[in-house]
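Notes for the one structure printed next.
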Amino acid sequence: MRLRLAAAVLLSAAAYYVYLPLPSGVSEPWKLMLLDALFRSFMQASDVAHALGLCHRVRLLDKMVSWVEVIEAHSCSAVHVTDSVLGGVPTRVFQPKRGKKLKRGVIYFHGGGWALCSARMRTYDLLCRKMAEELDAVVMSVDYRLVPEAVFPAQYHDALAASRAFLSPQVLERYSIDPERVCVSGDSAGGNLAAAVAQELGSDDSLTVKFKLQALIYPVLQALDFHTSSYQQNQAVPILYRPIMVRFWLQYLGADPSLEPLLLANNHSSLDQPALSAQTRSRLDWIALLPGERKKHFRPLVRATGSPEVVDKVPALMDVRAAPLLADQMVLGRTPKAYVMTCEFDVLRDDGLMYARRLRDAGVTVSSDHYEDGFHGCMVFSFLPMKSDVGQRSMNNYIRWLDQNL
Ligand SMILES: *[C@@H]1O[C@H](CO)[C@@H](O)[C@H](O)[C@H]1NC(C)=O
């Protein structure tokens, strides 16, 4: 009897911990709840370790994720896999064993808020392996440096150095990559790096080889408005809660973590902010840039007075290398043909939708792929045990687009 009671109490506690009211329409809510509970328990353990002064919260979180996920480079019957270095940056390389002599090429940047994850994780390893095999492409998955050891612009510089090396005649020749068929891609924070790299290299006239495509998976692209329609709608949707994204930004930009409430209140982009011109504001004006069905009933939060000193303290908030959505139309117009994936249940949805719109306005051909039942991270959680239906669909469509366009 006592045992049964204890079991019932434990089970209810577990259910209480796992259960989370989710918006209707999200793909397979129970799987998302379990994923969230796992992620939340890791976060909470990391917060405790941080509070006790044992280590930086990101360090422990990353250690736990790595412990569960990191795998050695091992080849399989179809793909040769090695750990190498690209432009001085550690990189896992996936080379198809069969297929044409001249391969397509993809450089990939993993997600994880510029602080977590690795190209050596099972999920990213499986994704790149699948891409290499199905696209008959050499895929290079880059392990750029992470928070807390590195902050902006280190991650960006690593991504750029690896990309320049990737496009060099020596690397293309060594791996038999067709210089006419190369793509830069990434998800989440990796999508941010891919977009920033595509802008920088698109405008670099000294390059002989240019990217043919950019493929951005639910990218994070701006840090001036944390009240876009999607930030409001999805602020409490796992796994990327609104405050977590703000924290990732502050860590990436090397800013004081105590600025979190200020950014959450949009005090850093108030109208008394002299550094923020009308032109800059127009580049993330979601009322003008989004279609009506995404704006819904949400209203922008623009404060008349805020904390105008913040942009001086954290100038990177305005830096296009950190926030590619702020780029000039001319720069956007020189970037390659684009694929932008967005998910309805994702705070970053509008970052992606606005970027797709701005690219189109600049004359770039854009394929927008929106998942009405998608959530942030779904594409990389499409392998067991977190395999979700929307994850698989989105991954297949992403690879199909590459196959048809690269
Ligand atoms: C935002 O700015 C207003 C006006 O300056 C100020 O009263 C408020 O305390 C600020 N909020 C935060 C969270 O810093």
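The values are calculated or read from the model by the stated rules, or taken from the named source; none is laboratory data. Remember, it's a predicted structure, so these values are computed and weren't measured experimentally. FYI the Cβ positions are ideal-geometry reconstructions off the backbone, even for glycines, and counts take in every protein chain you see.
For Ala265, the conditions (1) away from the ligand (no atom under 13 Å from the Cβ); (2) surrounded by fewer than 21 Cβ atoms within 10 Å (Cβ to Cβ) are fulfilled apart from (1). In region 128-143 there is no residue that is closer than 17 Å to Leu253 by Cα, within 16 Å of the chain's Cα centre (by Cα) and either at pLDDT 95 or above or crowded, with 24+ Cβ neighbours inside 10 Å (or both). Among the residues of region 176-185, those that are surrounded by fewer than 23 Cβ atoms within 10 Å (Cβ to Cβ) and touching a helix residue (DSSP H, G or I) at 6+ places or on another chain (Cβ under 9 Å) comprise Asp178, Pro179.
In this structure, does Val237 turn out to be among the β-branched types (Val, Ile, Thr), in a helix (DSSP H, G or I) and either within 16 Å of the ligand (Cβ to nearest atom) or crowded, with 20+ Cβ neighbours inside 10 Å (or both)? Here the answer is no, as Val237 does not meet what is asked. Taking each residue of region 153-177 that is closer than 23 Å to Gly254 by Cβ and looking for partners that are of a type outside the set (D, E, K, R) and in a helix (DSSP H, G or I) with beta-carbon atoms closer than 6 Å, six or more apart or interchain, yields Tyr156/Ala196; Ala159/Leu193; Ala159/Val197; Leu160/Val197; Ser163/Val197. Selection within region 268-300: residues that are in a loop (DSSP other than H, G, I, E, B) and near the ligand (Cβ under 10 Å from one of its atoms). The member of this set that is surrounded by the most Cβ atoms within 10 Å (Cβ to Cβ) is Ser270. Screening Ala161 against (1) within 30 Å of Tyr241 (Cβ to Cβ); (2) surrounded by fewer than 18 Cβ atoms within 10 Å (Cβ to Cβ) leaves a single unmet condition, (1). Out of Ala255, Ala194, report the one residue that is small (Gly, Ala, Ser), within 16 Å of the ligand (Cβ to nearest atom), within 24 Å of the chain's Cα centre (by Cα) and modelled with pLDDT of 95 or more. Of the residues listed, the single one that is small (Gly, Ala, Ser), within 16 Å of the ligand (Cβ to nearest atom), within 24 Å of the chain's Cα centre (by Cα) and modelled with pLDDT of 95 or more is Ala255. Counting the residues of region 344-381 that are in contact (Cβ under 8 Å) with a residue 60 or more places away in the chain and not in a strand (DSSP E or B) gives 18. For region 220-233, the criterion of being surrounded by fewer than 18 Cβ atoms within 10 Å (Cβ to Cβ) and either free of Cβ contacts under 8 Å to residues at least 60 places away in the same chain or more than 27 Å from Arg393 (Cα to Cα) (or both) is met by none of the residues. Put simply, of Ser12, Ser41, Ser27 the only residue that is in a loop (DSSP other than H, G, I, E, B), out of contact with any Lys or Arg (no Cβ under 8 Å at 6 or more places or on another chain) and among the polar types (S, T, N, Q) is Ser27.
Filter region 44-97 down to the residues that are in contact with a His (Cβ under 8 Å, 6 or more places away or on another chain), outside any loop (DSSP other than H, G, I, E, B) and without any contact (Cβ under 8 Å) to a residue 40 or more places away in the chain, then identify the one that is surrounded by the fewest Cβ atoms within 10 Å (Cβ to Cβ). Among those residues, the one meeting the criterion is His50.
Of all residues in region 301-329, those satisfying the criterion of being touching a residue at least 40 places away in the same chain (Cβ under 8 Å), more than 18 Å from Leu348 (Cα to Cα), part of a loop (DSSP other than H, G, I, E, B) and within 12 Å of the ligand (Cβ to nearest atom) are Gly306, Ser307.
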